[in-house]
1. Name the shape class, rounded, prolate or oblate, that the alpha-carbon gyration tensor gives for the stretch 99-217, where a ≥ b ≥ c are the square roots of its eigenvalues, rounded holds for a/c under 1.5, and otherwise prolate holds if a/b is larger than b/c and oblate otherwise.
2. Against the longest alpha carbon principal axis of the chain, how many degrees, from 0 to 90 and to the nearest 10, is the axis of helix 289-303 turned?
3. Compute the acute angle (0 to 90°) between the alpha-carbon long axis of helix 125-135 and the principal axis of greatest extent of the alpha-carbon atoms of the chain; round to the nearest 10°.
4. Probe 1.4 Å, all protein chains in place: accessible area of VAL232 in Å², nearest 10?
5. How would ILE301, ILE31, ILE335 line up by accessible area, probe 1.4 Å, largest first?
6. In whole Å, largest first, what are the principal axis extents of the Cα atoms in the stretch 40-160?
7. Using protein chains only and a probe of 1.4 angstrom, how many square angstrom of PHE29 are accessible, to the nearest 10?
8. If you rank GLU272, GLU227 by how much accessible surface each has, with a 1.4 Å probe, what is the order from largest down?
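The values are calculated or read from the model by the stated rules, or taken from the named source; none is laboratory data. In this text the structure is predicted, and so the values were computed from the model without any measurement. Note: accessible area is taken over every heavy atom of the protein model, side chains too, but ligands, DNA and RNA are not part of it. Shrake-Rupley method; radii C 1.70, N 1.55, O 1.52, S 1.80 Å.
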Amino acid sequence: MIQFAIVGMGFIADKHIAAIQNAEGANLFAICDTNPDRLVLDDENVLKYTDLEKMLTENPQIDVVNICVPSGLHATLTKVVAKYNKHIVTEKPMALNSADAKEMMEIAKEAGVKLSIVHPNRYRPAIMEVRELMDAGKFGKLSHANATVRWNRGQEYYDQAPWRGTKQFDGGVLMNQAIHNLDLLLWFMGPVKSVQGMVATRFRDIETEDVATALIEFESGALGVVEAATTVYPQNLEESLSIFGESASVKVSGKNAVFIDTWDVEGYSEDEVKALKTKIQNDPWGKKGHDCIIEDMVAAINEDREPEVGGIDGYNPVRLIEAIIESSETGKRIIFS
């Protein structure tokens, strides 16, 4: 049985608790938060701590620590957890800058522990269908792609906690809302060669951007367009990912990117496309992404392999976001080395 502990008992911790409880071969052993009022859990068998190092010192049987604290603390707590040779599952974004993300990978490697990043949208049924199409080479040569997040987050969202919308602990629309879509964009399109970006803070009283756009050149020669906003009135409008190749045009969309909007693929009949769309329509979310992440960590430990969504998968979108913001601030195109 793989023993899990969670540090940070805010909103997202509930998804981790449920995922651990649902996973075969996993057990929630302990929870930790500096605020004792958050250490409320019906299961009396789960140990409760307000000090992370005390929890790890007193319980060597813990195998994995899930980091669910504000984003700006992910790197700091990764160092602590790795020091105790525990495997790590950390929420998105992996870190708020690429230097910290790179250091997290290095620390995990030196400690000989596994590092998994929570990018659960990869496990959505429609996205898995696109991945299968890509792996089979059905797109042919890629032309371009578009990643769009048109959502609403009012001022009250940012006012819920003092760290929201800050550069030190949270990040803006790119790091917080769009990062899952950017992860998918990079997963399908591959490494970035250069980026030109523009970001702005238009409506919200925050330190970071609430709207962003970018043009991307991938190493393959394909191009990409990014649009992300939390300024859309009056509610979430769209999250979508479109990919265009020589022999396929695909768009996954909806208020969340879970439905197949377009599936024009060479060799697919109208009946096959209709059947696929119906299949997704009937089960757009599939198994919960957090469940898949926890199950994969259990398997990775038991099989002594790397997690499916590892450190590099957390690093890549952070590096892209960093470049978009740098480009906006300098007015220059950022070339990736």
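1. Note, shape of the stretch 99-217 comes out oblate.
2. 60
3. 70
4. Estimated to the nearest 10 Å², VAL232 gives 30 Å².
5. These residues rank, largest area first, as ILE335, ILE301, ILE31.
6. 54, 41, 33
7. My reading of the accessible area for PHE29 is about 40 Å².
8. On the way: GLU272 95, GLU227 60 Å².
Listed by decreasing accessible area, they come as GLU272, GLU227.
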